[in-house]
Each structure stands twice: as C-alpha cells, then as structure tokens.
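Take a look at the structure below.
The values are calculated or read from the model by the stated rules, or taken from the named source; none is laboratory data. In this text the structure is predicted, and so the values were computed from the model without any measurement. For neighbour counting, all protein chains shown are included, and Cβ atoms are generated from backbone atoms with ideal geometry for every residue, glycine included.
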Amino acid sequence: MWTYLTIPFLYTYTGFVTEELSPWQEDGETWRSLKATFPDSATSHTREQVSYFSEDGLLRRHEYTVDVMDGARGVNYASDYRDIDGILVPTKRRVYAYDDHKNKIPAPLLVAIDLGEIAFAER
C-alpha cells in the first residue's frame, strides 16, 4: 500500500531514477509514461515500475511485475479522485494482469482497494 499511496511523490526520494517513456494509448486517451527504478532501500513489488499520467497530471495506471510471485504481471488503475486538503487522492484501485503487449486482461480482477476515510496527519 505504501507505494500505491505515495506515487508520484515517492519518485522524488533520494535514490529513485526516473525516465520518461513513449506515450501510451488507452481508452481513447494518451497518457505520459514514467519508468521509475527503485533503490535497493525501497521495498516494493519490483525495482522497475511504470506509471502513466493523464493530461490532467493524475496517475491513471501503474504497471509492475511481482518478484515474489515469479514475475507475475500487475497493472493497477487509480480512479475516483477526491480532494483531501488540496491533494487529489485516488480512492479506488483495481489491479489486473496484463498481456505481452501491456494491455489489461479484464478478467479476473486480481485486487480491489477502496479507500473511505482519508486524512493527512499534521506535523
């Protein structure tokens, strides 16, 4: 969940390396693609992941493999954004497998995450 809740801010941390890739077409939209290489100090599904951002700058798709599951493929869709203290936060996540062309395999749904009450702690 840490990765899901902190992208794209996570990519600004020390040790992360990012590279913009070719745009991605999906559902009649064009999304910007950003590959992130995680440092050894960051625990996540795998070291290389790709995030896709729509024209409004919001994360729409997050693609990765799962190392502990022999490289199982996951594509995580972020939606139903809500404004929380001026930050737009996706309250719905849906994870599917993807094929060799990186297209979503619509069934079965692998993971469903719905966030209800959200608040940022004051420091």
Next on the checklist: Being touching a helix residue (DSSP H, G or I) at 6+ places or on another chain (Cβ under 6 Å) and exposed (fewer than 11 other Cβ atoms within 10 Å of the Cβ) is the filter here; which residues of the stretch 3-31 pass it?
Outcome noted: none
Checklist entry - HIS101 passes all but one of (1) closer than 20 Å to THR6 by Cα; (2) out of contact with any strand residue (DSSP E or B) (no Cβ under 9 Å at 6 or more places or on another chain); which number fails? => result (1)
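Yes/no per residue for (1) over 26 Å from PRO23 (Cβ atoms); (2) surrounded by 12 or more Cβ atoms within 10 Å (Cβ to Cβ):
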| site | (1), (2) |
| --- | --- |
| GLU48 | no, yes |
| LEU58 | no, yes |
| MET69 | yes, no |
| ASP83 | yes, no |
| TYR96 | no, yes |
| PRO106 | no, no |
| ILE113 | yes, yes |
| PHE120 | yes, no |
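May I ask you to list the residues in the stretch 29-46 that are hydroxyl-bearing (Ser, Thr, Tyr), in a strand (DSSP E or B) and farther than 12 Å from VAL17 by Cα?
Keep residues of the stretch 29-46 that are hydroxyl-bearing (Ser, Thr, Tyr), which gives 30, 33, 37, 41, 43-44, 46.
Still in the list and also in a strand (DSSP E or B): 30, 33, 37.
THR30, SER33, listed by residue number.
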Checklist entry - Does at least one position in the stretch 59-77 carry a residue that is among the hydroxyl-bearing types (Ser, Thr, Tyr), under 14 Å from the mean Cα position of the chain (by Cα), closer than 19 Å to THR30 by Cα and assigned to a strand (DSSP E or B)? => result yes
Checklist entry - Does LEU5 fit the bill of being more than 24 Å from ILE87 (Cα to Cα) and not in a loop (DSSP other than H, G, I, E, B)? => result no
Checklist outcome for this item: Only one of (1) on the phi > 0 side of the Ramachandran plot; (2) at pLDDT below 95; (3) touching a strand residue (DSSP E or B) at 6+ places or on another chain (Cβ under 6 Å); (4) of a type outside the set (S, T, N, Q) does not apply to GLY86, and that is (3)
